[in-house]
Amino acid sequence: MNLMLALIVFSPLLGILVLSLMPKMQESSIKLVGILATLPALVLSLAVFSQYKNGTELFAYNLKWDWIHFGMSEGVFEIPFELGVDGFSLIMVVLTSILSVLAAIASLHIKKEWKGYFMLFLLLEVGMLGVFVAENLILFFLFFEITLIPMFFLIGKWGFHEKEKAAYSFLIYNGLGSAVLLIVIMVLFARTGTSNIDVLQQLLTADAGHARITDNVKMGLLLALLVAFGVKLPIFPLHTWMLRVHVQAPPSIVMLHSGILLKIGAYGLIRFGMGIFPEQFTSIAWLLATLGVVNLLYGAFLALIQKDFKMVLAYSSISHMGIVLIGVGALNEAGIQGAIFQVVSHGLISALLFFLVGIFYERFHTSEITKLGGMAKGMPITAGFLLAGAMASLGLPGMSGFVSEFMAFLGLFDAMPVLAAVGCLGIILTAVYLLRAVLGMTFGKAQREFTGVSDISSFEWAPVLVLVALIVLIGVYPSVLSEPLQATLETIMLGLGG
Amino acid sequence: MDLEQMLSYQWAIMTPEFIILGIATILSIMDLFMPKNQDRKILGWIAFTAIIAAFVSLLGLVDLEVTSILYDTFRLDSYAKAFKLLLLIGAALVMLLAISYEPKEGMKEYKGEFYYLFLTALLGAMVMSSSGDLITLFVGLELLSLSSYILAGIRKKHLPSNESAMKYVINGGISTAVTLFGLSYVFGLTGSTNLTEITGVLSANFDTQQIYLLGLSFLLVFVGLSFKLASVPFHMWAPDVYQGAPTPVTAFLSVVSKTAGFVILLRILLTVYGAAPSGSSTASYPMLIKMQDYIALLAGATMIIGNVIALRQRNVKRLFAYSSIAHAGYLLVAIAALSAFMFDAMWFYLGAYLFMNLGAFAIIQLISGKSDNEDISAFAGLYKRSPILAVSMGVFLLSLAGIPGTAGFIGKLNIFMGTFYVDPAHYVLASVMIATTVISYFYYFGIFTQMFFRPAASDEKIKLPAGIIVVLVITVAATIVFGLFPNLAFDFLHTSFNGFSDMFQ
């Protein structure tokens, strides 16, 4: 029995415990504990990652305990507590633990009630890590819901002026999404007697299929899954809540929200949608690709006219999630690989950009593009990083954004060339809106004096450097991701019959 | 009946009832002879001890075979035992709330009655769950109802309390009449009031011409009993009564009284209508299966009405009244699905609901307290005034909303299992249930907003009476433990009661 994964997931709990015993007002030590508590998960997940690179099989980390069983006799309707990872989920775990540390550092900007903040923050981390290591659907759902509650409070208490509205909007949209997800999970569980992802995969894709789940039911379940994860991703028109969250939540939380939480949608679609219902998934691939192109263009067009940089980033997230859908919809190896790359790459890039938003929000209390004009004069380094982030986001070769977009479109051109051609417009638009926003901020007409404003300083260096380094690393050496993903991709392609 | 026969009965199976009855009698006499200005709290503690004693004696009876005495009118089968355990736990916690209850006015002179009326009400509920005969059933029902009527209006000089008692009596009277009317058809058609005999008559040679009469009786009984469940169509009393009644009484009505209602409803449905045929051919389904759609309809209406109207409430107790209506709806879903998981789901959900709801009421009682301020804004800034209370309330609210990690989630999960397990699956009903659950997030999280986001009106610290502390510790622990390790409860249920297989013996 290997406890590694359980340790990774639950290590932030230790921090919560320590924090709960600390007095409320010790600001600096609370912040220190908060940051330290995110480190064990990072160290352990990196350890697993490096062991995997050195040839350890991932199933060695599987863990299974008896947990719940319903009904009279044992053996049926069991929900064990089972954790495990494959290449894809391991990458997500590593990404989560890296971004958690960086977001914890970004949380140094938080101004009030640090104790409550960090306790919720760590709980959120438990939820996010758990989502990616859960081996059965009910456990997945449990962790999925655990992320909901801390997010509600983190937005509603520490956000900006319309925070409560944003928190409610988050809660209700995601609540509905997870309600639909719960229906799917319970139908599968009640009708097959298992909620283990791998077992379900085998049961439902076997030649005869499962007697109690007909093809029509499968189709219905898949569409329900699409809605459930579509809220999370978000897919147009289910995206309004996410704009509010991006603008109203504190930047440190948006780093996690945009970096990890949105990606749960993509993870779910690929892992469950594609994994459990491959046949039905193939038949709605055109729909996904179309939705992807719509997302891409819709986000890009609206990003073009935003005055607030946070809104630009919010629409940019919608647009970039479109690329994930495009890759998934292409249904070939390049496309799916591109989608997964985009998940990781966008996680890093949006975390970087939101960290920078946090930096200048801290100094100027605004994120409006015109009010920040001429920033390059006063804060050259910050402005430089901002430009770097924007370049990565618009897909400059040599950075991670390029690899993912390239592969996703390569996949789609192979499968649906016309749609891909339309989608390419989005790439041009991306460059336009990002450059418009970033150049407006860095070189635009100066609205204020920048003297006496400190440029990026002390602790703020660490996250920026780490993120830029990772973005460039993936850009110039994509194998760092593609190698661990190889096995997962092969399994998926096998399932799709390709 | 001669003395010898009287003595030959196994009276031991009624030990829990005798304890409650005996102590209630003793308390009423003690109350008479105690000096006027002496503190009556001691009576409350005696009553609490009595409930614990009854609980322990019932645990001693758990392994007993199914036994019935008094010509089958009182039966102790595993079904009765399992649910009586819940009733006793609920009543014990309510009693602790009652001991700590100190309203502004209108209670001083009736403190004694306050305690022993809870005991008689509890006795009624216990008799109901053990009844094998329509007569004992009705006697239990009335004992519970009459005690509750007085309890609701026990704050004599408090206007809302009087109003609530009045409304409760009138509504209760009507519903009792409807129930009795329905039961009279059953008696008329079968010639017996004994449930076992009725089952025999209905399943053997029942004149199929009279099926429609029996169907009518089903609807009347179901509608009449929905008064106790606080479900549609007899839910209208709940908001007014919950709001006006003293908080421990409200807690009692929402938990113990509701549980008793479900216990007896299920017993009648399964024994009488589970045996009755629904069509002229011999191979037809039992009537209960045919009636599933009506139950599902009422369950859906209950969930929608409860959750939607709760959105508009400012008064906490009123809000919890609608929430309690909504939860009755969830429980009806389990009955409507009639799956293999029904007993498990109902027992567990009622248990989970007992803990989370009583915990919430303990805090409501404390917050509304002496000021009689029951507006939701009374919770403002609770996190600042008392973090422990705010977090405990948070646990109860999350559980009521059905968030994973709490007992409420497992309860809902189990009900879902049932709806999807049966063929054909109840997709619509389950969807209504889950959609209304999401609606309920609005009002439960509204309380969160008050507790955590709003500034407190006063910095006054809140004093925690001993009784409330005990209740909070037990309820928080149970809500979380049964949420994380539900099999502690399920295993107990399965090993001790073996799926209630002796219900029809």
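The values are calculated or read from the model by the stated rules, or taken from the named source; none is laboratory data. Bear in mind the structure is a predicted one, so any value in this text is a computation, not a measurement. Reconstructed Cβ throughout: ideal geometry from the backbone, glycine too, with neighbour counts over all protein chains shown. The area values use the complete protein model at the heavy-atom level, side chains included, leaving out ligands, DNA and RNA. Shrake-Rupley method; radii C 1.70, N 1.55, O 1.52, S 1.80 Å.
Kindly indicate whether any position in region B:139-151 is crowded, with 23+ Cβ neighbours inside 10 Å and not in a helix (DSSP H, G or I). Taking every residue of region B:139-151 in turn, none turns out to be crowded, with 23+ Cβ neighbours inside 10 Å and not in a helix (DSSP H, G or I).
Restricting attention to helices (runs of 4 or more DSSP H) lying wholly within region A:105-212, give those where 1 or more residues are not assigned by TED's automatic domain parsing to the domain that holds A:M22.
On the way: elements: A:114-133, A:137-158, A:163-192, A:197-205.
Result: A:163-192, A:197-205.
Scanning region B:55-79 for residues that are crowded, with 17+ Cβ neighbours inside 10 Å and touching a residue at least 60 places away in the same chain (Cβ under 8 Å) returns B:V66, B:S68, B:I69, B:T73, B:F74, B:L76, B:D77, B:S78, B:Y79.
In the set (1) part of a helix (DSSP H, G or I); (2) more than 19 Å from the chain's Cα centre (by Cα); (3) closer than 25 Å to B:K41 by Cα, the condition left unmet by B:L97 is number (2).
Of the numbered criteria (1) out of contact with any His (no Cβ under 7 Å at 6 or more places or on another chain); (2) open to solvent by less than 30 Å² (accessible area, probe 1.4 Å); (3) among the hydrophobic types (A, V, I, L, M, F, W, C), the one A:M25 fails is (2). Can you tell me which residue is nearest to the chain's Cα centre (by Cα) among those in region A:98-127 that are closer than 18 Å to A:F354 by Cβ and small (G, A, S)? Among residues in region A:98-127 that are closer than 18 Å to A:F354 by Cβ and small (G, A, S), the one nearest to the chain's Cα centre (by Cα) is A:S100. Taking the conditions (1) β-branched (V, I, T); (2) within 21 Å of A:I336 (Cα to Cα); (3) open to solvent by 20 Å² or more (accessible area, probe 1.4 Å); (4) modelled with pLDDT of 90 or more in turn, A:I471 satisfies each one other than (3).
Considering each of A:A289, A:A211 in turn, give the residue that is buried (at least 24 other Cβ atoms within 10 Å of the Cβ) and under 23 Å from A:V184 (Cβ atoms).
A:A289
Identify all residues within region B:388-403 that are open to solvent by 10 Å² or more (accessible area, probe 1.4 Å) and within 9 Å of another protein chain (Cβ to nearest Cβ); write none if there are none. Listed by number, the list holds a single entry, B:L398.
Mind checking which residues of region A:144-162 are in contact (Cβ under 8 Å) with a residue 60 or more places away in the chain and more than 18 Å from A:G259 (Cβ to Cβ)?
Going through region A:144-162, the residues in contact (Cβ under 8 Å) with a residue 60 or more places away in the chain turn out to be A:144, A:147, A:151, A:154-155, A:158-162.
Of everything in region A:144-162, those that are in contact (Cβ under 8 Å) with a residue 60 or more places away in the chain and more than 18 Å from A:G259 (Cβ to Cβ) turn out to be A:F160, A:H161, A:E162.
Among the residues of this structure, A:F354 does not count as one that is open to solvent by 10 Å² or more (accessible area, probe 1.4 Å) and not aliphatic (A, V, I, L, M).
Tally up the residues in region A:308-341 that are farther than 18 Å from A:Y298 by Cα and buried (at least 24 other Cβ atoms within 10 Å of the Cβ), please. Break it down into steps so the answer makes sense when it comes.
Narrowing region A:308-341 to residues farther than 18 Å from A:Y298 by Cα: A:328, A:330-341.
Filter once more, so that each one left must be buried (at least 24 other Cβ atoms within 10 Å of the Cβ): A:328, A:330-331, A:335-341.
So the count comes out to 10.
One residue stands out among those in region B:13-40 that are assigned to a helix (DSSP H, G or I) and open to solvent by 60 Å² or more (accessible area, probe 1.4 Å): the one that is nearest to B:L76 (Cα to Cα), which is B:F18. When restricted to residues that are in contact with an Asp or Glu (Cβ under 9 Å, 6 or more places away or on another chain), facing chain B (nearest Cβ under 9 Å) and closer than 15 Å to B:F452 by Cβ, region A:136-183 contains 2.
Within the group A:V43, A:V93, which residue is farther than 20 Å from B:L484 by Cβ, of a type in the set (V, I, T) and without any contact (Cβ under 8 Å) to a residue 60 or more places away in the chain?
Working: A:V93 fails: without any contact (Cβ under 8 Å) to a residue 60 or more places away in the chain.
On inspection, the qualifying residue turns out to be A:V43.
Annotation note: of A:L238, A:L225, A:L262, A:L203, the sole residue that is touching a strand residue (DSSP E or B) at 6+ places or on another chain (Cβ under 7 Å) and either away from chain B (no Cβ under 14 Å) or crowded, with 21+ Cβ neighbours inside 10 Å (or both) is A:L203. For region B:416-441, the tally of residues that are more than 7 Å from chain A (Cβ to nearest Cβ), under 16 Å from B:G306 (Cβ atoms) and touching a Leu at 6+ places or on another chain (Cβ under 8 Å) stands at 2. Could you check A:L32 against (1) open to solvent by 10 Å² or more (accessible area, probe 1.4 Å); (2) within 22 Å of the chain's Cα centre (by Cα) and say which number it fails? (2) is the only condition that A:L32 fails.
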